[in-house]
1. With the condition kept exactly as written, say whether any residue in segment 96-107 is among the small types (Gly, Ala, Ser) and either within 23 Å of ILE196 (Cβ to Cβ) or in contact with a strand residue (DSSP E or B) (Cβ under 7 Å, 6 or more places away or on another chain) (or both).
2. Return the residue satisfying two criteria in turn: it lies in segment 94-126 and is within 20 Å of LEU191 (Cα to Cα) and of a type in the set (Gly, Ala, Ser), and of such residues it is surrounded by the fewest Cβ atoms within 10 Å (Cβ to Cβ).
3. What number of residues within segment 51-93 are modelled with pLDDT of 80 or more, open to solvent by 50 Å² or more (accessible area, probe 1.4 Å) and part of a helix (DSSP H, G or I)?
4. Can you tell me how many residues in segment 389-404 are closer than 20 Å to CYS501 by Cα and either outside any loop (DSSP other than H, G, I, E, B) or in contact with a His (Cβ under 6 Å, 6 or more places away or on another chain) (or both)?
5. Of (1) surrounded by 15 or more Cβ atoms within 10 Å (Cβ to Cβ); (2) modelled with pLDDT under 85; (3) out of contact with any helix residue (DSSP H, G or I) (no Cβ under 6 Å at 6 or more places or on another chain), LYS3 satisfies all except one. Which?
6. Within segment 429-451, does at least one residue satisfy the condition of being more than 18 Å from ALA416 (Cα to Cα), open to solvent by 30 Å² or more (accessible area, probe 1.4 Å), under 13 Å from the mean Cα position of the chain (by Cα) and of a type in the set (A, V, I, L, M, F, W, C)?
7. Take the residues in segment 190-240 that are polar (S, T, N, Q) and closer than 22 Å to GLY165 by Cα, then tell me which one is modelled with the lowest pLDDT.
Amino acid sequence: MNKVSNGEKQKMEFEKDFEEEKPVPPDGGWGWLILIAATMTMMFIPSTITTFGVFVPDLRSKYDASTSQISWIPAISCAVWNLSAPFAAGCLSLYSHRRLTIFGSVLLVIGLIIGAFAESLMVVYISFGVLAGLGIAFASQQGILLVQEYFQEKRALANGIMLAGASIGQMIVPILLQIFLLEYGVSGTMLLLSGIAMQGIIAGALFQPSRWHLRYPDIIVLPLKYTKLPGTDGTKKNNQLDCEGNDTEDHEKEIMKRNFDLAGSLVDIHNMGSMHSLSQMKANELKKRRRPIPPSKRVRPPPRPLWLCWLPHFPPLHALFNFALVKNVFFVLCTVSTAFGRFVYQEVNTLVPPMAREMGISPGNSAALLSLLALTDTVARLVVPVLSEKIKHKVSRIQIYAVNYLVKAVACLGIAFATDYVTLATFCCIYGVGMGGNTGISMIIMAENLGLELLPMAFGLSLGFNAIIYFGGLPLIGAIRDVTGSYQACFIVMAGCLIFCFLIWLILPLSDWIKRRKGQA
C-alpha cells in the first residue's frame, strides 16, 4: 500500500473543505428585485380585504342589507385567509413561490370580478369571501418567505422595507377606492380593484428560487494545518509555520482570494506565495470546477395515470405540521403573542374612530387618528429592524419584540383614559410605534430562531392560530361594549391582553435556564 505524503494529505483535506463549503444568500443582486416584488404583494394583495370598510355603505344600498350581513364578507375572507395559510405554506414542498403567488393572485382577481357582477349577497360571500380569502393566503405570504432566503446580513433592512410597503398600501388603497366609488360605483370599483390585485401576477413572475442566486464566500482564510511544508519534520524554518498550527507572525494568514461567477465557478486564485504544499494543489484544476446549483428540496409527487394528470398534487401531512414545532418554546410564545397582538390591532382600528366620535370629535378628525397610527406604524417598520441590527450585541431582538407589547399596552391604557383629541392622537401614535416595531422584526426573529426550513410551516401555522383568536376575541370585545356601554372597558381588556403577551416572553429565559441546569447535571 502506497503511503500518502503529507502534501497529498493536506491537498485532499483542502479539496474536501472546498467542496463542502456552504453557499450563502446573495444579500443583493436579484434579491433587490425580489424585495420590490414582495413589497408590491404586501402593498396591494392584503389591502383588498383590510380596506373593505370603504365598500360597506354602498353594498348596503346595492343589496338592501344590514351592516351585520355585509360584515360577514370580510369575516369570511379573513377566516379563509388565515385558516388556509398552513395549507398554502405546505404547498411549498411541491410548488415554487412563483407558481403559488401567481395562482393566488389569479384566484383573487377572479373573486373580485365575480363579486363586481354579483346580483345576490350569497354570491359575494363566495366570491369576495371564499375565493378572495383563499387567493390572499397563497399570494401574500410567498414574498415574505422568499425575502428571508435572499437576505441574511441585510435581512433587517429588507424586512423593514417590505413590511413598510404593507402599511403604505393600507394608506393609499382606501383613498383610491373612495375616488373610484364616486366615479364608477361599486361594480366599477371592484373591477378596478381586481386590476390592482393583478400586480401580484407581475410580482410573482419575478420570484426566482433563491438557490439560483446563492453565492460562495469571496475569501478563504486557510486553516494553518494546510500550511505545513511537505517533507519537513515539524520544526520552524525560515519564519514559516510549524506542524502544530502555530505560526510566528499571525494566527491565520489569508492566502487565497477568489471570485465567483453566477454559477459559482472559481475564476481567480492568487497570493499563493512561496508555500510549496499549496502549489501542489493543482490550482488550474480548481479553476475549472463549477459550483453546482444546490438541488431543489421539493418533493417529487408520485406518478399518476394520464387521465388524472390535470389534478393538482396536495402536500403530504408532514409538510403541513411538524410536532417538533409544538415542542419549541419559542414557536409557541411567538404564535400566541402574535395572534393576540394582531387581534388587538384589528380592534384598535375598529374602535378608535367611534370612540373619538363619542368624545365629540368630528368625523374627519376621528378618521385622521387612524392615519396617524398608520404613519407611525410605517416609520417604525423601517426604523426598528435597522436599529435592532445595530444594537443586537447589547439588546437581543427578542427583548425588543417583547418590550413593544408593553409599549402597546401603555398606549391602549392611554387611549382608554384620554379626554381630549391631543391625548388620543398621542397614544395612537405610541401604539403605532409599538405595532410597527413588532411587525418589523417578527419575521426576522422567526427566521433566526427556527431556521429557513421550518419558517414556511411556522408562519402558516401562526396565521392559522390567528383565525382561532379572531373568532373568539372579536365577539368578546363587542359583547363587552354592549354590556358596559363604554369603549373604555374594551381598551382596558385589550391592554390586559398585551401585558399578557409581554409576560409570557419571560418564559423563554426561564426555559433556557432549565436547559442549562439539565446540561450541567
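The values are calculated or read from the model by the stated rules, or taken from the named source; none is laboratory data. Remember, it's a predicted structure, so these values are computed and weren't measured experimentally. Heads up, the Cβs are rebuilt from the backbone with ideal geometry, glycines too, and the neighbour counts pull from every protein chain shown. All accessible areas refer to the heavy atoms of the entire protein, side chains included, with ligands and DNA or RNA removed. Shrake-Rupley method; radii C 1.70, N 1.55, O 1.52, S 1.80 Å.
1. Yes, that holds for at least one residue.
2. The selected residue is SER120.
3. 7
4. Summing the residues that are closer than 20 Å to CYS501 by Cα and either outside any loop (DSSP other than H, G, I, E, B) or in contact with a His (Cβ under 6 Å, 6 or more places away or on another chain) (or both) in segment 389-404 gives 8.
5. All conditions pass for LYS3, except number (1).
6. no
7. Within segment 190-240, the match that is modelled with the lowest pLDDT is SER210.
Let's see how each residue does on (1) in contact with a strand residue (DSSP E or B) (Cβ under 8 Å, 6 or more places away or on another chain); (2) part of a helix (DSSP H, G or I); (3) crowded, with 20+ Cβ neighbours inside 10 Å:
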| site | (1), (2), (3) |
| --- | --- |
| ALA164 | no, yes, yes |
| ILE168 | no, yes, no |
| MET190 | no, yes, yes |
| GLY200 | no, yes, yes |
| PHE207 | no, no, yes |
